[in-house]
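What follows is calculated from the coordinates using simple rules that are stated; it is not laboratory data. The shown structure was predicted, so the numbers you read here are calculated from the model rather than taken from an experiment. Note that each Cβ is placed from the backbone with ideal geometry, even for glycine, and that neighbours are counted across all protein chains shown.
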Amino acid sequence: MGLDERDITGQWDYRSLPPNVRVGENCWLERRDSFARFRSEQTPGLILGDRVRIYTWTTFNVEPAGYVEVGDDSLLVGAIFMCAERIKIGRNVTISYHVTIADSDFHPTDPELRIRDAIANSPHGDRSQRPAIISRPVTIDDDAWIGIGAIILKGVHIGRGARIQAGAVVAHDVQAGTTVAGNPAIPIEGRQLE
Amino acid sequence: MTASRLEHDWFSHPLPENVRLGERTWVYSSYAFRHYRSRRAIGLRVGSHTGIYQGTFFDLGPEAEVEIGNYCSLVGVIVATNGRVSIGDYSFIAHEVVIADTSWATPGPSAATAKPSSARASVANSLEIGRNVWIGTQATVVGGVRIGEGAIIGAGTLVTHDVPPFTICAGNPMRIVRTISPGKGASTR
C-alpha cells in the first residue's frame, strides 16, 4: 500500500476516469478520490467545461441515473454533489467548502416507507427493495457564488450572479443578483439583474 | 457479543471492551472510538442490522452511555456526550450531523479555555431520539432534547428543544414545518 502523490495533487491521469466523464481543456482535478462515488450510467454522466478547477474537498456522489454538468471557469472547492437525476452548474460559478448540493432527499418521508427503506438499506439488506425516491433537478446559473457550508436542496434554481451566504439552507429558488442567508435562506439584499 | 477486532479494519486498535454490537451490525472502523472514554459497564450498545458508516465518531466522556437500536444508519455522525443518548430503531442520521449534550455543546467563552471536567460533571443529561427518526445532513442536536417517533429533521437544522412525533422540523431557529400522517400500519402509537 503506497500513497501516490500524483493522486492528490492533480497530476493523475484524467483519462482514467470512466468513459462517460468528459473533461474540458485545461481542467485541474486535485484528488482522484473525488470521483470514487461516481456511479452514473448515463452517457454522458458528467461534463466538465474548460478551465474547471476542482479541489480536494469536492465529491461526486452520483447515482446510476444521475447527470452532472459544470460550466467553463467554475471553481469547486468543496462541493458535495448528491445527484440522483440532474445537477447543472453554469460558468464562472464559485462553490466553497462543505457545500452540499442534493437533487433528492434520498429517502421517503412517509414513516411506513422509511421503515422499509431502513431495512433495505441495512448492512445485509436488499437494496433493490428500497422504495422509490423523488428527485428534482438543481440548476445554478453563471457567476453564482455559494458560501461555506451552504446546503442547496432539490428543485432549486439559483439565478445568475446570486450570492448564497455561508451556512444558508436553500430550499426555494433564488432570483438572479440577490443575496440570501439563513436557514431557511431568505433574501437580505440586492435586486434582480434582469 | 463482543468483537475485539473488526475483520475489515485498517486501524490497528481493538474495539473498547465495553462496546456491544448486535448481529449483522457493521462498523466501518475502530477509528470511530478514537475519542471514546466511557468507563460505564456498557458504554455503547448497538442493536442488530445497524450500519455505523465512515466518519462516525463516538466522542464519549467517562460517564457516557449510548444506546442505538436495530436497522439504524449513522452516516458520518459525531455523538458527543458524557450523559445518556438513545437512538430508536430504524432511525437514519445523515452525514455531518452532531449530537451533543449541553455540557459539551455550550463550553462557555471558548472551547479551548473551558474547564471540561467541571462543566461536564455538572449536567446529567439524557438525549432521546425516537424510533424511525430521520435527521438530515449537517443538523445539530444539542441539549437534553427528545425527538419523537417518526419525526424528520431538515438539513442544517439546529435542534435545541423537543420535537413532537410525526412532524417535520427545519430551520435555525427551528420551527415545525408540517405534520406527517403515518401511512396505514405505520405505527402502533
- prompt: Remind me, relative contact order of the stretch A:57-97 in percent, using alpha carbon pairs under 8 angstrom and six or more residues apart?
  reply: 48
- prompt: Which whole number gives the average count of other chain Cβ atoms within 10 Å of the Cβ atoms across peptide B:142-153?
  reply: 1
task: Counting only DSSP beta bridges with both residues in the protein assembly as shown, tell me the antiparallel percent, nearest 5.
output: 10
Average other protein chain Cβ within 10 Å of Cβ, residues B:88-100: 3
message: With a cut-off of 8 Å between alpha carbons and a minimum separation of six or more residues, what is the relative contact order of the stretch A:2-84 in percent?
response: 27
message: Check which residues have an amide H placed less than 5 Å from B:A170's amide H, if you skip close sequence neighbours.
response: B:G154, B:R175, B:V177
- request: Pairs of Cα atoms under 8 Å, at least six residues apart: use those to get the relative contact order of chain A, whole percent.
  value: 12
query: If R0 is 51 Å, what FRET efficiency do you get for B:E67 and A:T43 from their C-beta distance, rounded to 0.05?
result: 0.60
field: 10 Å Cβ neighbours from other chains, averaged over peptide A:101-111
entry: 5
message: Test of understanding: what is the full-extension gain from B:R40 to B:Q54, defined as 0.36 nm times their sequence separation minus their Cα-Cα distance?
response: 2.5 nm
query: Mind listing which trypsin sites (Lys or Arg not before Pro) in the stretch B:1-103 are in a DSSP loop and have 13 or fewer other Cβ atoms within 10 Å?
result: B:R5, B:R34, B:R39
field: Amide H partners (placed H, <5 Å) of A:I140, local residues excluded
entry: A:K88, A:I89, A:G90, A:I158
- request: Give me the percent of DSSP beta bridges within the stretch A:66-194 that run antiparallel, rounded to the nearest 5.
  value: 15
